[in-house]
1. Need pairs with beta-carbon distance below 7 Å; first residue under 20 Å from Gln177 (Cα atoms) and of a type in the set (Ser, Thr, Tyr) and within region 126-153, second part of a helix (DSSP H, G or I) and modelled with pLDDT under 95; sequence gap 6+ or separate chains.
2. Name the residues in region 16-28 that are open to solvent by 20 Å² or more (accessible area, probe 1.4 Å) and either closer than 15 Å to Asn168 by Cβ or charged (D, E, K, R) (or both), would you?
3. If we scan region 165-188, do we find a residue that is in contact with a helix residue (DSSP H, G or I) (Cβ under 9 Å, 6 or more places away or on another chain), open to solvent by 70 Å² or more (accessible area, probe 1.4 Å) and among the basic types (Lys, Arg)?
4. Go through (1) outside any helix (DSSP H, G or I); (2) surrounded by fewer than 21 Cβ atoms within 10 Å (Cβ to Cβ); (3) at pLDDT 95 or above one by one and return the number of the condition Asp214 breaks.
5. For region 42-53, does any single residue satisfy the condition of being within 23 Å of Asn190 (Cα to Cα), small (Gly, Ala, Ser), touching a residue at least 12 places away in the same chain (Cβ under 8 Å) and assigned to a helix (DSSP H, G or I)?
6. Going through region 64-86 one residue at a time, which ones are open to solvent by 30 Å² or more (accessible area, probe 1.4 Å) and aliphatic (A, V, I, L, M)?
7. Of all residues being in contact (Cβ under 8 Å) with a residue 40 or more places away in the chain and part of a helix (DSSP H, G or I) in region 29-41, which is nearest to Glu71 (Cα to Cα)? Just the residue, please.
8. Can you tell me which of Val5, Val89, Val52 is open to solvent by 10 Å² or more (accessible area, probe 1.4 Å), over 19 Å from Leu170 (Cβ atoms) and touching a helix residue (DSSP H, G or I) at 6+ places or on another chain (Cβ under 8 Å)?
Amino acid sequence: MSDTVNLEYQNELAGKTSPEILSWTLARFGVDNIVLATSLGAEDQVLADMLVQLAPQVTIFTLDTGRLPEETYEVLAETNKKYDRHIAVAFPDAHDIEAMVNAKGPNLFYESIENRKLCCRLRKIVPLKRMLAGKAAWLTGLRRAQSVTRDRLELIEWDQNNGLFKINPLADWSEEQVWKYIKTNNVPYNKLHDKGYPSIGCAPCTRAIAPGEDLRAGRWWWELPEHKECGLHFNKEAEPK
């Protein structure tokens, strides 16, 4: 994919609202060539609500790492019920997880960044690649304001690792906009958000944050801020080893 094409698409999306970005994506790539990868967090719930109104047949999937909080499963069930649809669930390879846990223990991620990235790769990145295979674009709920690793986020980017476009319709949204949309449209959300969890991942790697802390301070809190990506999303400059 050339830089010229990417720049052309960025220019086409400049100034568009999030629903307009979704409509552009559907027109540009086609319903069957797009997926929404949802963590079932607040931003992804906003996108899912918008998307099912525009094109309910678009595939929406989530990654079940095997270590998710119960509240995440609850919002998954609630979301399926509200929209009368089935969000696909992708699982890691059981043999890979079995080998990793037997070799390094169930909580290996606390011991080193390398171990944490291994766990994230097997539980998240490998199944993500499987779900993205053959697609032209994937939608995410990433926002620039979420962390220092996302401050240069574009509305559309070329995902070199997965070989497709990554589209971020909420890139310039504030947290206040996200929650206003959820409340106004009665969108289901993870109840951990009410308990001080702005960013929710696996249970052992997520905690509530204190007032004034960075929105992603509760993710992998034992690591430096610039390391706090699992590998699903990162800038080229911060590519994980």
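The values are calculated or read from the model by the stated rules, or taken from the named source; none is laboratory data. The structure presented is a predicted model; accordingly, all values stated were derived computationally and were not measured. Quick reminder, even Gly has a Cβ in these numbers, built from the backbone with ideal geometry, and neighbours come from all protein chains shown. Note: areas computed on protein heavy atoms with side chains; ligands, DNA, RNA excluded. Shrake-Rupley method; radii C 1.70, N 1.55, O 1.52, S 1.80 Å.
1. Listed by first residue and then by second, the contacts come to Ser147/Pro225.
2. Lys16, Thr17, Pro19, Glu20, Trp24, Arg28
3. No: region 165-188 contains no residue that is in contact with a helix residue (DSSP H, G or I) (Cβ under 9 Å, 6 or more places away or on another chain), open to solvent by 70 Å² or more (accessible area, probe 1.4 Å) and among the basic types (Lys, Arg).
4. (3)
5. Within region 42-53, one or more residues are within 23 Å of Asn190 (Cα to Cα), small (Gly, Ala, Ser), touching a residue at least 12 places away in the same chain (Cβ under 8 Å) and assigned to a helix (DSSP H, G or I).
6. Leu68, Ala77
7. Only one residue tops the list, namely Asn33.
8. Only one candidate qualifies: Val89.
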